[in-house]
Every structure is written in C-alpha cells, then in structure tokens.
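A.B. asks: Quick one: the structure is below, and I'll ask about it shortly.
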Amino acid sequence: MTDNSSKGERILQREFGTTRRASAFYEKQMLDHLNPTMREFISHREMVFIATADSKGECDSSFRSGKPGFIRVINEKILACPEYRGNGVMASLGNILENQHIGLMFIDFFESTVGLHVNGTARIVGNEEFLEVDGLAKELKEDIQEPGGRNPERWIFVKVEEAYIHCSKHIPLLKKLDKKIHWGTDKEIYKGGDFFKAKDYNRSSS
C-alpha cells in the first residue's frame, strides 16, 4: 500500500465528502510497485499514453506504441520505455530533463476495458547503459540489437511510485483492425501529412 495523495486531493475530498471513499481506494487499490498481475497486463499492451511537464509545470501528453510488450518490465519497480526515431522535437524527453515526474496510462480497449495508471519518476538512458542493466534478460538484449530491426535510439526508465486501476465503466470496447505500419518513415502520406492545415494557418492571427 502507498499513500502519495496530493494536498489538493485531500482538500477536495474533504470539501466534497469523498474522504472515506478515497481512503478505501488508496488502501485497497493503490500500490507502490507493479504486482504480478500488473506486470502481465503491461506485457500484452501495444500502446501507452505518457504525461510529462517541464520545470514550469506546462504539460504535454504523448502516445507511444509498438509490438505487444514493447514497454519492458525490468522488475516490480522499474519500467523501460523505448524511444524510437520521431519528429525530432523531443517534447517528452525535454520535459523529463527538466522535471522527472511522469504518468503512464495503459488501457486495454479490446478485451477487459480496464486501465492501469503508473506514476513515478523518469530518467533518460542510452542503449549502451541499458544493455548493462543488472538482470536484463538475454532475449531483450538480442531484441534491441536485432540487425535491420526497428531498434530504440534510447530509453525512458520509470521508477514506479504509484500503480492503480482505472475502472472499465466508461472505457469503450473497440475492435482491432489490421493496419500496415510504416515504422520510421518520413513520407507524409504515411504520417498524416498536414491533416490539421497548420501550414496554411495565418500565425500572425493567433
């Protein structure tokens, strides 16, 4: 059990009369590590939503995806998220450089419709350092060094401080369809192009 509830949470719980309900949730559902069921859940996920903020508290939410289990569970307290070639902005990594706090949201849209919150602190790790991690599975070392494969450029290591369920009540049940993924491409047609017409927008009017 952990209780990393914020001052703001406690204030609003008292104001709106939810203290007892919230305390029961903290006691029964919130852990400071990943239990075996949580680790198994993460090992099947193909996507995660990542929340970070810079030193001023300005936030960014980002989406990551890969093959099932692309987020690696090193142990009950450490997750490793691969960073592949992207648009070069480094929004999430830039925030982590300033502010180590991170939130991850894993959601199973296709079977259980349950989510898993994982909050903690993050640091950026290069591939060479990653390969030196104690207890790293041989299969994982071979996987990230696969010749011609989609290899990570670097990693986000997350130290778990909170892990808890997001209830399934309002999570939609979706049907997964086949889509050809063009990993690492720079072709606009495969990246969505200028879908939101940002190039044509008169920036002086904003």
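Computed from the coordinates by the stated procedures, all read-outs in this text should not be read as laboratory data. Predicted model, so just to flag it, every value in this text is computed and none were measured. Reconstructed Cβ throughout: ideal geometry from the backbone, glycine too, with neighbour counts over all protein chains shown.
A.B. asks: For the chain, what relative contact order do you get, as a whole percent, if you take Cα pairs closer than 8 Å and at least 6 residues apart?
C.D. replies: Numbers: 315 pairs, mean separation 44.7, N = 206.
Over the chain, the number comes to 22 percent.
A.B. asks: In what sequence do 125, 160, 89 fall when counting other Cβ within 10 Å, fewest first?
C.D. replies: Numbers: 125 19, 160 22, 89 9.
Lowest count first: 89, 125, 160.
A.B. asks: Could you tell me which of rounded, prolate or oblate describes segment 18-60, using a ≥ b ≥ c as the square roots of the eigenvalues of the alpha-carbon gyration tensor, with rounded for a/c under 1.5 and, failing that, prolate when a/b is larger than b/c and oblate otherwise? Kindly include the intermediate steps, with their values, before the conclusion.
C.D. replies: Values: a/c = 2.73, a/b = 1.09, b/c = 2.50.
It is oblate, given that a/c is not under 1.5 and a/b is not larger than b/c.
A.B. asks: At a threshold of 8 angstrom on Cα-Cα distance, excluding pairs fewer than six apart, so keeping six or more, what relative contact order does segment 1-90 reach in percent? Can you show the working numbers first?
C.D. replies: Working: 84 pairs, mean separation 20.4, N = 90.
So the answer I get is 23 percent.
A.B. asks: Sticking with this structure for a sec: What is the distance in Å between the Cα centres of segment 5-44 and segment 167-192?
C.D. replies: Comparing the Cα centres of segment 5-44 and segment 167-192, I get a distance of 30 Å.
A.B. asks: If you plug each phi of segment 54-65 into the Karplus form 6.51 cos²θ - 1.76 cosθ + 1.60 with θ = phi - 60°, what whole-Hz ³J(HN,Hα) values come out, in order, with x for Gly and Pro?
C.D. replies: 7, 5, 8, x, 6, 9, 8, 10, 9, 10, 10, 8
A.B. asks: Please turn the phi angles of segment 29-45 into ³J(HN,Hα) values with the Karplus equation 6.51 cos²θ - 1.76 cosθ + 1.60 (θ = phi - 60°), one per residue in order, whole Hz, x for glycine and proline.
C.D. replies: Values per residue, Gly and Pro as x: 10, 9, 10, 9, 7, 9, 7, x, 5, 5, 5, 5, 4, 5, 5, 9, 7 Hz.
A.B. asks: Stretched out fully, how many nm does the piece from residue 14 to residue 180 gain, at 0.36 nm a residue minus the Cα gap?
C.D. replies: Details: separation 166, 0.36 × 166 = 59.76 nm, distance 5.01 nm.
Gain in length upon complete extension: 54.7 nm.
A.B. asks: What is the order of 164, 201, fewest Cβ neighbours within 10 Å to most? If you can, show how the numbers build up before the last one.
C.D. replies: Details: 164 17, 201 11.
Going from sparsest to densest Cβ surroundings: 201, 164.
A.B. asks: Here's a follow-up. Amide H of residue 161: which non-local residues (sequence gap of 5 or more, or other chain) have their own amide H closer than 5 Å, using H built in the peptide plane?
C.D. replies: It is 119, 120, 121, by chain and number.
A.B. asks: Here is a follow-up. Work out the FRET efficiency for residue 33 and residue 112 from their Cβ-Cβ distance, taking R0 = 25 Å, and round it to the nearest 0.05. Provide the component values of the computation, followed by the final result.
C.D. replies: Working: r = 21 Å, r/R0 = 0.84.
Here the calculated transfer efficiency is 0.75.
A.B. asks: Taking the Cβ-Cβ separation of residue 166 and residue 196 as r and a Förster radius of 25 Å, what is the calculated FRET efficiency to the nearest 0.05?
C.D. replies: Details: r = 28 Å, r/R0 = 1.13.
So, using R0 = 25 Å, E works out to roughly 0.35.
A.B. asks: Rounded to the nearest 500, what is the 222 nm mean residue ellipticity of the chain from helices alone, with -39500 (n - 2.57) per DSSP H run of 4+ residues and division by all residues? List each step's numbers first, then the result.
C.D. replies: Values: 7 runs with 53 residues, N = 206.
Rounded to the nearest 500, the figure is -6500 deg cm²/dmol.
A.B. asks: Hey, another quick one. Ranking 49, 157 by Cβ neighbours within 10 Å, fewest first, what do you get?
C.D. replies: Details: 49 14, 157 20.
Neighbour counts put them in this order, fewest first: 49, 157.
A.B. asks: With a/c under 1.5 counting as rounded, go ahead and sort segment 32-185 into rounded, prolate or oblate using the C-alpha gyration tensor (a ≥ b ≥ c being the square roots of the eigenvalues; past the cut-off, prolate if a/b is larger than b/c, else oblate). The partial results should precede the final answer.
C.D. replies: Working: a/c = 1.26, a/b = 1.11, b/c = 1.13.
Rounded, since a/c falls under 1.5.
A.B. asks: To continue, here is another question. Using a/c under 1.5 as the rounded threshold, could you call segment 9-116 rounded, prolate or oblate? The axes a ≥ b ≥ c are square roots of the C-alpha gyration tensor eigenvalues, and prolate needs a/b larger than b/c, oblate otherwise.
C.D. replies: Details: a/c = 2.10, a/b = 1.25, b/c = 1.68.
It comes out oblate by the Cα gyration axes.
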